[in-house]
Structures are given as C-alpha cells and as structure tokens.
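> Below is one structure. I have some questions about it.
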Amino acid sequence: MSQPNARRPATLASLAAELGVSRTTVSNAYNRPDQLSATLRTRVLEAARRLGYPGPDPVARSLRTRRAGAVGLLLTEALSYAFRDPVATGFLEGLALACEQAGQGLLLIPVSPSQPDVTTVHQAGVDGFVVYSVREDDPHFLAVLERPVPTVVCDQPIGIDGVDRVGIDDRAAMLGMARHLTGLGHRRIGVLCMRLGPDAHDGSADLARQMQTTYPVQRARLGGLREGLGEVGVDWADVPVHERFVHSVDAGEAAAAELLSANPGITALACTSDILALGALRHAAARGLAVPEDLTITGFDGVPEAERAGLTTIRQPVREKGQVAGELLLERGERNRPRQVVLPTELVVGATSKGPRESRFFSGW
C-alpha cells in the first residue's frame, strides 16, 4: 500500500526546472562534467541529492549509447573459484586494475563446465569479453564468439582467428623443469596434472587421454615434461600420470597417495600446478617422507603459498596476465589484426628438489 504523503523522486526535467537550467546541463553534470564549471556542477549535484534525483538511468543510457560500460569475464567454474584459487585471484586482481584505470565495470560470468546452457553469455550486458582458461570445445566460449564484441583469451584456447590472446609458453617452461629434474639425476618421475577433459575423471591418465585433452595448457605442460625426459632416454610410456578433476590441495594429496602407492620407485613428483604440489607435500609429510631427501616435489605457477613452502616451481606473472588481458580489450580501438602476448616465466629452485638417494629402498613404504 502506497504512502499518501510520500514524495516522488525528482526527474531530470524537474531538477532542471528547479535550478532554472536546461536538461542538457543536468545531464552534463553526470556524463560530461568537463562541459560545466566546477561551481555549476557542484550546484547541480547538491540539488540532486536534496531533491532525491538518483542520476541518469544507466539502462536508458546504455540503450542510447549502445555501450554497457563493462567488461565480461567468462570463468567456467563456480563463482567462488575466482576468490579461492590463488592463480585465478591474481589474474582477477590484474584485470580489475585494468578496468579501474579505464573507468570500466567488471562483470563476472561464471558458468558450470558441466552445463551446456549458454543463456548467461547471450544476455550479458558487456562491451567485450575476457575468457579465462577454458577448454577448446567449451560451449560458453563458442557462444562468446557469436557475440559481435571484441574478445581476449587468457591461456587457452590457443590460435582462435580474430581473437587476442595473452599467456605464457607452457611447454618451454615445463621443459625447463624437466631438465632441472633430469639434471639432478632423476629418471623415475611421476606426474600429477589438472583436469584433461570435461568428465569428472580422477586417476591414471593414459597417453591417449593426454593427447586427446581439450585443455591446451595441460597438453603443453605434459608435452614439455615428455620432451625433457625423452632427452635423457626416459620412455614417456613408463611415466605414471595421474589426473584430478577438482583443482585443490586435497585433490593433490589424494593423487599423490594414489600414484606413490601404485609406483613405489618414484623419486620425484612433477605437478602441473602449485596447488597439486602443495597437496603432494602434505601427503609426503603424512607418509613420513622427507622432502627432498626421500622425494622431490615440484609445482607450476609461483603462488604465494608455494613460495612460503619453499616449493621448486615455475613462476608465472598471473597478475600481469590479467592486466594485459584487460588492456588488450579496452585499448583495442579500430585495429583489425589480433595480438598475441607471451609473458616470461622463471624457474624457481626452492627447497623441495634434490638429487635422488640411490641407496633408497622403497618397498617398505
């Protein structure tokens, strides 16, 4: 039931009449402040507050200008993942900084990798998309490409016509890690990797599954390990690779337990992310294994938790990735040729890698 004495909020027209100025002057106070003197703009805004004028309708403005004033971030994970995973958090921070500097909003568009419904993508009111690390055949990404707005991909997919991309050379980075391990003398190496497909597969990933993965980043990181081990005569078919669908420390712990139980001769675990490696460290401690004396463990990403743990890892500039992705999108202008930005990585040798103890006897584990 309405209140009979409730005052109706002011409109642009009534505010202009109250001040004795044109409606254009009121509009400029919000949308083109450089067109007014500081004194006049202050007078308009103070009157607006006093009379309860909320400002121009953003929906009407976007219809008029055909600009939403926001960047859409496509994240094919639960929304909480963006604030829980340290790599995603670092990327989001960099992207938010680019949007802030450009005076643009940021709309998170989280979608489940197991849900094909792309309505959220079709209805998102954004001027462009940043796509954060999705599989090649992801239906939400394909829906993004159907929108007539610019798009920037971070990490994956790779090689999409007309789309800007920012990432790192994952294969070369992991090749460097493989050479670090083989240079220490390791030949019996196991691998823990992130998901290779949309199905919730946990366990051993054979060569066919590795090669058929729709996640190019994992394919590249495994490829770098395969190349590096091949340089010293290690047959990749003899290297156990265990996959985890969920990216968490708990998943890494479970994968390490499973792999080491099935392959007790392993002297090093190479993980395709720091999160999985932190789980492997937890399992090693619970199992009574000294790292690196009994078992070398390495990661990939260079997240703060890994640095605190002294993990040997590949450090990548995740915050810079987000900022560059945002800048590529927001500063695209009229250029028609896509840009590919490859950022540098660094091998960080920490306290979790060492040469194997040749006299070790593993059957008692």
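The values are calculated or read from the model by the stated rules, or taken from the named source; none is laboratory data. What you see is a predicted model, and the numbers here were worked out from it, not measured in a lab. Neighbour counts are summed over all protein chains in view; Cβ atoms, including those assigned to glycine, are modelled from backbone coordinates with ideal geometry. Heavy atoms of the whole protein, side chains included, go into the accessibility calculation; ligands, DNA and RNA do not. Shrake-Rupley method; radii C 1.70, N 1.55, O 1.52, S 1.80 Å.
> Only one of (1) under 17 Å from GLY69 (Cβ atoms); (2) outside any helix (DSSP H, G or I) is not met by LEU95, so which one is it?
For LEU95, the failing item is (2).
> Which condition from (1) open to solvent by 80 Å² or more (accessible area, probe 1.4 Å); (2) in a helix (DSSP H, G or I); (3) at pLDDT below 85 is the one that ALA82 breaks?
(1)
> Would you confirm whether any residue within region 278-289 is within 24 Å of the chain's Cα centre (by Cα), under 12 Å from GLY190 (Cβ atoms), open to solvent by less than 10 Å² (accessible area, probe 1.4 Å) and not aromatic (Phe, Trp, Tyr)?
Yes, there is a match, as at least one residue in region 278-289 is within 24 Å of the chain's Cα centre (by Cα), under 12 Å from GLY190 (Cβ atoms), open to solvent by less than 10 Å² (accessible area, probe 1.4 Å) and not aromatic (Phe, Trp, Tyr).
> Among the residues of region 221-241, which ones are closer than 24 Å to GLU258 by Cβ and either open to solvent by 60 Å² or more (accessible area, probe 1.4 Å) or under 17 Å from the mean Cα position of the chain (by Cα) (or both)?
ARG221, ARG226, ASP235, ALA237, ASP238
> Exactly one of (1) among the polar types (S, T, N, Q); (2) closer than 22 Å to ALA286 by Cα; (3) open to solvent by less than 20 Å² (accessible area, probe 1.4 Å) is unmet by SER248. Its number?
It is condition (3) that SER248 fails.
> Kindly indicate which of LEU196, LEU175 is without any contact (Cβ under 8 Å) to a residue 60 or more places away in the chain and either under 21 Å from the mean Cα position of the chain (by Cα) or crowded, with 22+ Cβ neighbours inside 10 Å (or both).
LEU196
> Are there any pairs, at least 6 apart or on different chains, whose C-beta atoms fall under 8 Å, with the first in region 141-154 and free of Cβ contacts under 8 Å to residues at least 40 places away in the same chain and within 8 Å of GLY128 (Cα to Cα) and the second open to solvent by 10 Å² or more (accessible area, probe 1.4 Å) and among the charged types (D, E, K, R), and if so, which?
Pairs that qualify, where the first residue is free of Cβ contacts under 8 Å to residues at least 40 places away in the same chain and within 8 Å of GLY128 (Cα to Cα) and the partner is open to solvent by 10 Å² or more (accessible area, probe 1.4 Å) and among the charged types (D, E, K, R), are VAL149/ASP127.
> Taking region 118-133 as the search range and keeping residues that are closer than 19 Å to THR214 by Cβ and either more than 15 Å from the chain's Cα centre (by Cα) or modelled with pLDDT under 80 (or both), which one is least open to solvent (accessible area, probe 1.4 Å)?
VAL121
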